[in-house]
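One structure is given below, encoded as structure tokens.
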Amino acid sequence: MSVVTLGVHIVDVLARPVESIPAGQDTHLVEQVRITAAGAAAGTAVVLAKLGIPVVSLGAIGEDELGDFLLMVMARHGVDVSKLTRKPGEQTAASILPIRPDGGRPSFHVPGANLGLSLADVDVEAIRRAEVLHLGGMDATWGLHDPVFHALLDDVRSHGTQVTLDLLSNMADLMPAAKTFLPHVDHFLPNEEQALLMTGAKTVEEAAGLLLDEGPRTVIITLGAEGSLVATSEGLTRVPAEDVQAIDTTGCGDAYCAGFAAGLVTGRSVLESAQLGTAVAARVAGGLGSDANLDGAAALLA
């Protein structure tokens with residue numbers, strides 16, 4: 001068992017290109033509609049599986065049709081979903097994403113069962129067996145904002161598990177609680193807006209230094225088309241983005257995290273893992289949905 005992803009699971013319904021919402025009962029024709037497994041845990045798990053990395057996904061979904069779909073599609077891609085918790089009476093989280101011609105992605109979102117995820121729903125033994133534990137969306141999984149869970153993270157890290165952390169939202173109100181995880185993780189991968197919100201810094205370089213002071217040994221700030229900034233105790237390194245025509249930016253952060261985690265479990269350095277994350281994210285940006293363009297992606301590990 002190489003990687004465990006823990007956190008947010010979402011069903012995405014995507015349509016492109018969407019220039020405006022039709023008025024009244026009007027219909028606009030689009031080129032493509034997809035439904036995918038997404039979210040900072042589920043989306044990352046699917047990409048890891050596409051890369052050929054054994055992965056177990058932990059989280060909470062509803063006992064509804066969307067939950068049935070999520071289990072089916074994740075398993076079809078090769079993710080072990082046997083330890084996902086189903087919550088009676090709760091909806092599986094879902095988003096509707098009208099993708100703009102420039103790849104932008106406004107959304108309509110219901111958080112659903114993610115908000116009720118707690119430590120009681122988590123298979124602790126699966127976490128203890130992981131080489132890498134990826135925490136996806138801890139800002140939105142309030143039941144894990146628990147000192148007992150933080151202590152578990154410290155324990156598994158002391159036995160060799162590397163813990164990575166990514167966030168789901170850019171909501172300022174959620175940043176202070178998410179920040180409490182930083183002393184208990186090894187690698188933190190926020191986007192630019194999240195990093196600036198968490199620190200109040202004026203620049204990403206300043207933000208990276210402030211976040212390192214909170215405890216992680218690596219901070220990687222993703223910068224969209226500008227690539228990413230890798231910060232360690234040894235200094236700052238810019239990793240440029242690959243040149244790709246962006247169709248849809250949905251899931252690019254999750255893809256980056258998956259590539260980074262895949263790099264760690266295959267023995268790559270932090271910088272090499274960041275470069276792998278960049279390559280995986282570029283593939284996803286060139287298609288629709290968080291699992292786009294990943295057929296044959298395992299070759300990236302060769």
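The values are calculated or read from the model by the stated rules, or taken from the named source; none is laboratory data. Quick caveat: nothing in here was measured; it's all calculated off a predicted structure. Here Cβ is always computed from backbone atoms with ideal geometry, including for glycine, and neighbour counts include all displayed protein chains.
Considering the conditions (1) touching a helix residue (DSSP H, G or I) at 6+ places or on another chain (Cβ under 8 Å); (2) under 27 Å from T266 (Cα atoms), I10 is excluded by exactly one of them, (2). Contact map, region 11-31: first residue without any contact (Cβ under 8 Å) to a residue 12 or more places away in the chain, second residue surrounded by 10 or more Cβ atoms within 10 Å (Cβ to Cβ), Cβ cut-off under 6 Å, separation 6 or more or different chains; pairs are P22/H28.
Criterion first (among the β-branched types (V, I, T) and surrounded by fewer than 23 Cβ atoms within 10 Å (Cβ to Cβ)) does T266 satisfy it? The answer is yes for T266. Every test in (1) over 30 Å from E90 (Cα atoms); (2) modelled with pLDDT of 95 or more; (3) out of contact with any helix residue (DSSP H, G or I) (no Cβ under 7 Å at 6 or more places or on another chain) is passed by V33 save one, and that test is (1). If only residues of region 189-248 that are surrounded by 14 or more Cβ atoms within 10 Å (Cβ to Cβ) and among the hydroxyl-bearing types (S, T, Y) are counted, the one that is farthest from G104 (Cα to Cα) is T232.
Can you confirm whether region 288-295 contains a residue that is within 18 Å of R100 (Cα to Cα), in contact (Cβ under 8 Å) with a residue 40 or more places away in the chain and not in a loop (DSSP other than H, G, I, E, B)? No, region 288-295 has no match at all.
Residue pairs whose Cβ atoms lie under 6 Å apart, sitting 6 or more positions apart in sequence or on different chains, and linking a residue in region 123-148 that is free of Cβ contacts under 8 Å to residues at least 40 places away in the same chain to a partner that is among the small types (G, A, S), are D139/S169; D139/A178; G143/S118; H145/A177.
When region 126-137 is limited to residues that are part of a loop (DSSP other than H, G, I, E, B) and not acidic (D, E), the one that is farthest from the chain's Cα centre (by Cα) turns out to be R129.
None of V47, V13, V18, V8 is in contact with a Leu (Cβ under 6 Å, 6 or more places away or on another chain), of a type in the set (A, V, I, L, M) and buried (at least 17 other Cβ atoms within 10 Å of the Cβ) except V8. For M72, the conditions (1) closer than 30 Å to L29 by Cβ; (2) of a type in the set (A, V, I, L, M); (3) within 17 Å of the chain's Cα centre (by Cα) are fulfilled apart from (3).
Conditions tested, residue by residue: (1) assigned to a helix (DSSP H, G or I); (2) surrounded by fewer than 23 Cβ atoms within 10 Å (Cβ to Cβ); (3) among the polar types (S, T, N, Q).
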residue: C257; (1), (2), (3): yes, no, no
residue: L271; (1), (2), (3): yes, yes, no
residue: T278; (1), (2), (3): yes, yes, yes
residue: A298; (1), (2), (3): yes, yes, no
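Residues in region 80-90 include at least one that is out of contact with any helix residue (DSSP H, G or I) (no Cβ under 6 Å at 6 or more places or on another chain), of a type outside the set (S, T, Y) and buried (at least 18 other Cβ atoms within 10 Å of the Cβ).
When residues in region 154-185 are screened for being of a type in the set (D, E) and under 16 Å from the mean Cα position of the chain (by Cα), 1 of them pass. In this entry, S82 is excluded by the filter for residues that are out of contact with any Pro (no Cβ under 9 Å at 6 or more places or on another chain), under 17 Å from N114 (Cβ atoms), of a type outside the set (A, V, I, L, M) and at pLDDT 95 or above.
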